[in-house]
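Down below is the structure, laid out as structure tokens.
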Amino acid sequence: MSVNATISLALDRVDWNALAGNQEKLPRVFTPGEVLMPEAGFMRGHGTFVEDENIKASVAGVIEKVNKLISVRPLKSRYVGEIGDVVVARVIEVQQKRWRVDTNSRLDSVLLLSSVNLPGGELRRRSAEDEQMMRQYLDEGDLISAEVQNIFEEGTLSLYTRSLKYGKLSQGILVKVFPALVKRRKMHFHNLSCGASVILGNNGYIWISPTKNEDQEGGEGGFAQNLSEVVPRHEREIIARVRNCILALAKCKLMLYDTSIQYAFEESLKYDVHELLQQHVIYDIGEQTQARLRDADE
């Protein structure tokens, strides 16, 4: 049995003339062990070390200079949380009066029992009965949306879901990208016009789900989860297309926010859903989306 395979070389996708013309504008990428500058008169920051009276890079990245402080921002890194960030996380352990959750950061984050809404939205002190029913609220493996409330000294994030827009996630798809690709904005919950809802977590976890009706949201204090409801085929196809569009934008290193995802979705309609996994289609969608974003900014 013979199968036709299309192989596109990276050499064919690079515009060498444009790359040579923008050489001065591109940031310099330093490799580990490379000399940044002499130590005299400068302070060593993150991603650097001192050797032979020179400040050298300890990670591969771009140099950042703030007054006399020299640091290197790595090209790829774990999520570094900030207070107020919206995150999508997975519960990995139920502990005493708290849940331990994975937020794609260096350390596991915590969600305190006092930082969640009780079923029905009750406002009262947490009792021993609430502690015994913690697994009925959130169990291992559950996905949640939350907000960073506090950052402890060692870097552990403390989350809270004391809002009806946060809580347990139901049916949908989880997509993982680099946290630096998620654009920081005031709103990270979006109902796209294509018929899907996305939660753009600052930690690089993106949740795609069918758009809910207004009367379905927040009815159980953030613990409502209907896994028996059948999602129609056309909605599943829309979710799969949005998922492939997000991966295509991430492959092209384009910032992810509601406008870029919507543009990519519209540009992908000329392809079938499974064709969005092909390399030449990914770069075509990335180029078309980048051109539309550039025209919108002008």
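The values are calculated or read from the model by the stated rules, or taken from the named source; none is laboratory data. Because the structure is a prediction, the values reported are computed rather than measured. Note: ideal-geometry Cβ built from the backbone for every residue, glycine included; neighbour counts use all protein chains shown. All accessible areas refer to the heavy atoms of the entire protein, side chains included, with ligands and DNA or RNA removed. Shrake-Rupley method; radii C 1.70, N 1.55, O 1.52, S 1.80 Å.
Remarks
- Residue order by solvent-accessible surface for 52, 295, 258 is 52, 295, 258, largest first, with ligands and nucleic acids left out and a 1.4 Å probe.
- Antiparallel bridge percentage (DSSP; both residues within the stretch 36-87; nearest 5): 85 percent
- For the stretch 31-74, accessible area per residue (1.4 Å probe, heavy atoms of protein chains only), Å²: 63 Å²
- Amide proton proximity set for residue 46, modelled H, under 5 Å, gap of 5+: 72
- Spin-label model, residue 272/residue 114: points 7 Å from Cα along the beta carbon direction are separated by 5.7 nm.
- Which of 125, 73 is most accessible, then next, and so on - probe 1.4 Å: 125, 73
- Length gained when the stretch residue 28-residue 4 is fully extended (0.36 nm per residue, less Cα-Cα span): 4.6 nm
- Cβ-Cβ FRET estimate between residue 235 and residue 43, R0 fixed at 45 Å, reported to 0.05: 0.25
- Segment residue 106..residue 174, full-extension length gain: 22.5 nm, with 0.36 nm per residue of separation and the alpha-carbon distance subtracted.
- Paired Rg and Dmax values of the stretch 31-74, which use every Cα atom, in angstrom: 8.9, 24
- Of the solvent-accessible surface of the stretch 31-74, computed with a 1.4 Å probe and all protein chains present, 54% belongs to carbon and sulfur.
- When the residues 188, 46 are ordered by accessible surface, computed with a 1.4 Å probe over the protein chains alone, the sequence from largest down reads 46, 188.
- Theoretical gain in end-to-end length, residue 164 to residue 58 [0.36 nm per residue, Cα-Cα removed]: 33.8 nm
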